[in-house]
1. Do the conditions hold for residue 186, that is, is it touching a strand residue (DSSP E or B) at 6+ places or on another chain (Cβ under 6 Å) and either free of Cβ contacts under 8 Å to residues at least 40 places away in the same chain or assigned to a helix (DSSP H, G or I) (or both)?
2. Step by step: first the residues of the stretch 55-95, then only those that are over 18 Å from the mean Cα position of the chain (by Cα), modelled with pLDDT of 90 or more and in a loop (DSSP other than H, G, I, E, B), then the one that is nearest to residue 149 (Cα to Cα). Which residue is that?
3. Just the residues that are among the β-branched types (Val, Ile, Thr), touching a Lys or Arg at 6+ places or on another chain (Cβ under 6 Å) and closer than 26 Å to residue 122 by Cβ, please, taken from the stretch 29-85.
4. Could you list, in sequence order, the residues of the stretch 136-154 that are in a loop (DSSP other than H, G, I, E, B) and either surrounded by fewer than 20 Cβ atoms within 10 Å (Cβ to Cβ) or over 16 Å from the mean Cα position of the chain (by Cα) (or both)?
5. Take residue 47 and decide whether it is within 21 Å of residue 116 (Cβ to Cβ), under 19 Å from the mean Cα position of the chain (by Cα) and surrounded by 13 or more Cβ atoms within 10 Å (Cβ to Cβ).
6. Read through the list (1) part of a helix (DSSP H, G or I); (2) surrounded by 16 or more Cβ atoms within 10 Å (Cβ to Cβ); (3) of a type outside the set (Ser, Thr, Tyr), then give the number of the only condition that residue 203 fails.
7. Return the only residue of 146, 202, 207 being more than 21 Å from residue 94 (Cα to Cα) and modelled with pLDDT under 95.
8. From the residues in the stretch 103-130 that are in a loop (DSSP other than H, G, I, E, B) and of a type in the set (Gly, Ala, Ser), which one is farthest from residue 11 (Cα to Cα)?
Amino acid sequence: MRSLLLDRLVALVLLPVLAPIIAVLGWRVRRGDGGPPLIGLDRSGRGGGTFAMWKLRSMRADDPSGAARGSTITATDDDRITPVGAMMRRWRLDELPQVWNVLRGDMAVFGPRPETPAMVDLDDERWQAVLAAKPGITGPTQLLVERWEATTLAQGSAAEAYRAVILPVKLAVDRWYVEQGTPVTDVQVVCSMLQRFVLGREETWVERTVRRDVPEAAQVPVGGAR
């Protein structure tokens, strides 16, 4: 994993580039329903401490803070997602404000995705291993499970499916990434994002690596659906 200084330098370079995009998207969010464009969500960080992870709000604002009532697990067809929110989620544009979290030192550019505290068990050795590193904006886990997670959550109780089926796979991959990931893995993640979102590849470079090295990843089908 890279140093905190390098992550902050990357964030410092990206912030002025992304700020106009965030501003335009934030204006569209506010125009949609009048609620706040940004929302800070509680997430577990390095060592298990809680921090506010910033996102462009993609769900309806049920209270003044911009939070939506209901489950902390969001399925693709969740009726709380707004039209502009669905567009941002498709391209992960709602994650752009997290460059501020990187600048603050809460997050890294690459790393395990931060989890809702209610899903974290600090007595579990898997969580202890994953939380030894800073959470990241992106990493191999998201590329592997994104489409499979959406399909699985749509088939039943989202919270139960997430905890029983999806979370163990995420933990296994995140632990592998924290303990065995190298700068080459991060290069694989960047190339794989281009393969997925630009070239439309069904299976990316880093997914092949994860399936080879992490036994739990074998249950995730290529393409995301069985």
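The values are calculated or read from the model by the stated rules, or taken from the named source; none is laboratory data. Predicted model, so just to flag it, every value in this text is computed and none were measured. A quick note on method: Cβ atoms are made from the backbone with ideal geometry, for glycine too, and the neighbour counts reach across all protein chains shown.
1. yes
2. 80
3. 39, the sole residue that qualifies.
4. If the condition is that a residue be in a loop (DSSP other than H, G, I, E, B) and either surrounded by fewer than 20 Cβ atoms within 10 Å (Cβ to Cβ) or over 16 Å from the mean Cα position of the chain (by Cα) (or both), then 154 is the only one that fits.
5. No: the conditions fail for residue 47.
6. For residue 203, the failing item is (1).
7. Answer to the selection: 202.
8. Going through the qualifying residues, I end up with 111.
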